[in-house]
Amino acid sequence: MNPELESLTHRYLDGSVSTAEMARLNRLLDESAEARREFVELLNLDSAVAASSAGWERSEKAVRLTQEV
């Protein structure tokens, strides 16, 4: 995984990303399909952790969508 992308994504997810960092994240995502795939994986992981912490159960549709990525 691209360390810069991972760092920017974590800052985005925790709400601490700056305007300049957001612009860089957008550029990375615009320029690379691999970056977009990694970004989605991190978003899915973050959502799964949040859902697990909240005691939510994943629907069958969510499981299928995650497996397709």
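No value in this document is a laboratory result; all are computed from the given coordinates. Everything numeric in this text was worked out from a predicted model, so none of it was measured. Glycine gets a Cβ as well: all are built from the backbone with ideal geometry, and neighbour counts include every protein chain shown.
Quick one: net charge around residue 29, please, counting Lys, Arg +1 and Asp, Glu -1 for every other residue with C-beta under 15 Å from its C-beta.
Numbers: positive: 11, 24, 27, 36, 37; negative: 4, 6, 21, 30, 31, 34, 38, 41.
Charge balance near residue 29 sits at -3.
Taking θ as phi - 60°, what are the ³J(HN,Hα) couplings along region 27-37 by the Karplus curve (6.51, -1.76, 1.60), each to the nearest whole Hz, with x for Gly and Pro?
4, 4, 5, 5, 8, 9, 5, 5, 5, 5, 5
Per 0.36 nm of contour for each residue apart, how much would the distance between residue 41 and residue 26 grow if the chain were fully extended, relative to their Cα-Cα spacing? Could you put the intermediate results ahead of the total?
Numbers: separation 15, 0.36 × 15 = 5.40 nm, distance 1.60 nm.
Full extension of this stretch gives 3.8 nm more.
Sort region 1-47 into rounded, prolate or oblate with this rule: let a ≥ b ≥ c be the square roots of the eigenvalues of the Cα gyration tensor; rounded if a/c is under 1.5, and if a/c is not under 1.5, prolate when a/b is larger than b/c, oblate otherwise.
On the way: a/c = 1.88, a/b = 1.06, b/c = 1.77.
Oblate, since a/c reaches 1.5 and b/c is not below a/b.
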